[in-house]
1. As I understand it, the dipole of region 39-164 uses +1 on the Cβ of Lys and Arg and -1 on the Cβ of Asp and Glu, about the Cα centre. Which of 86, 103, 136 lies farthest toward its positive end?
2. For residue 49, list long-range residues whose amide hydrogen, built 1.01 Å from N in the peptide plane, is under 5 Å from its own amide hydrogen.
3. What is the fewest-to-most order of 84, 58 by other Cβ atoms lying within 10 Å of their Cβ?
4. Consider a paramagnetic label point 7 Å from the Cα of residue 32 along Cα→Cβ; state which residues of region 179-193 have an amide N under 17 Å from it.
5. Using the 10 angstrom Cβ neighbour count as an exposure proxy, how do 172, 115 rank, fewest first?
6. First measure r as the distance between the Cβ atoms of residue 134 and residue 166, then evaluate 1/(1 + (r/R0)^6) with R0 = 25 Å and state the FRET efficiency to the nearest 0.05.
7. Can you tell which of 12, 178, 138 shows the greatest fluctuation in a Gaussian network model of the chain with Cα springs below 10 Å?
8. Grab the DSSP H runs of the chain that are 4 residues or longer, score each as -39,500 (n - 2.57), total them, divide by all residues and round the 222 nm result to the nearest 500 deg cm²/dmol.
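Rule-based calculations on the coordinates, nothing more; no lab input. A quick note: this is a predicted structure, and the numbers were derived from the prediction, not measured. Cβ coordinates were reconstructed from backbone atoms using ideal geometry, including for glycine residues, and neighbour counts include every protein chain displayed.
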Amino acid sequence: MQLTSLLRIARRFWLLILIPSVLAGGLSLWFDLHQPPRYVATARLLITYPINGAEDTVENWQMTEYVLDDLPQVLSSATFAAKVAPLLTERNLALTRTEIQQGLRITLLHRSVDLHGEASSPAAAQALVEAAITVLQREGLDFWGRSNLHLNVVVLDAVNDPQPTFSLRSALFDAALRAMLGLVAGFGLAVAAATFRPLKEEPLWKSAIM
């Protein structure tokens with residue numbers, strides 16, 4: 001399609017192009033601004049498999065890798081949430097098992113683990129991370145069926161001050177991105193409209209393909 005044809009389509013159907021862009025960007029920003037506040041707390045841990053015997057072995061390091069590979073699934077499980085829930089109740093914080101499962105996640109870097117807890121209040125986010133650490137220290141290897149051993153969980157960095165997950169900058173960026181996608185969709189609609197309603201003196205689609 002020639003550039004002149006595209007310009008003529010844009011000039012003729014500018015409103016059809018603009019509406020999807022404005023709707024997509026505006027609705028995205030409105031939705032982000034009206035989300036309930038969420039907070040995230042983070043602690044950095046060093047997790048290793050317990051040493052079997054007087055000396056460390058390659059097998060211990062391999063077992064550590066296996067444990068860390070499984071850790072995201074363990075933290076998001078209903079079984080782990082059931083262990084965390086009573087610790088939160090002791091602090092007068094009532095989080096459902098689903099909220100616990102969805103609120104816990106990790107970022108791995110070798111054997112270092114950044115444990116993140118997300119909740120609807122700063123106190124709940126901090127307590128969620130602390131409770132998860134306690135469960136890992138007390139019953140870490142129980143989830144792998146090895147209740148006779150204890151997982152080595154060292155807290156390298158204590159739980160930080162919870163931070164809000166919402167960022168106006170990221171919300172504006174998302175809105176701008178969706179507005180651009182809406183602009184592309186709107187232009188596609190304009191091209192489709194031009195094929196059905198060409199100008200009488202020069203059919204747009206015909207002139208574009210010649």
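1. So the residue we want is 86.
2. For residue 49, the qualifying residues are 64.
3. Numbers: 84 25, 58 7.
Fewest-to-most ranking of 84, 58: 58, 84.
4. 179-183
5. Values: 172 14, 115 25.
Fewest-to-most Cβ neighbours within 10 Å comes out as 172, 115.
6. Values: r = 29 Å, r/R0 = 1.14.
Calculated value: 0.30.
7. Residue with maximal mean-square fluctuation among 12, 178, 138: 12.
8. Details: 8 runs with 120 residues, N = 210.
Using -39500 (n - 2.57) per qualifying helix, the result is -18500 deg cm²/dmol.
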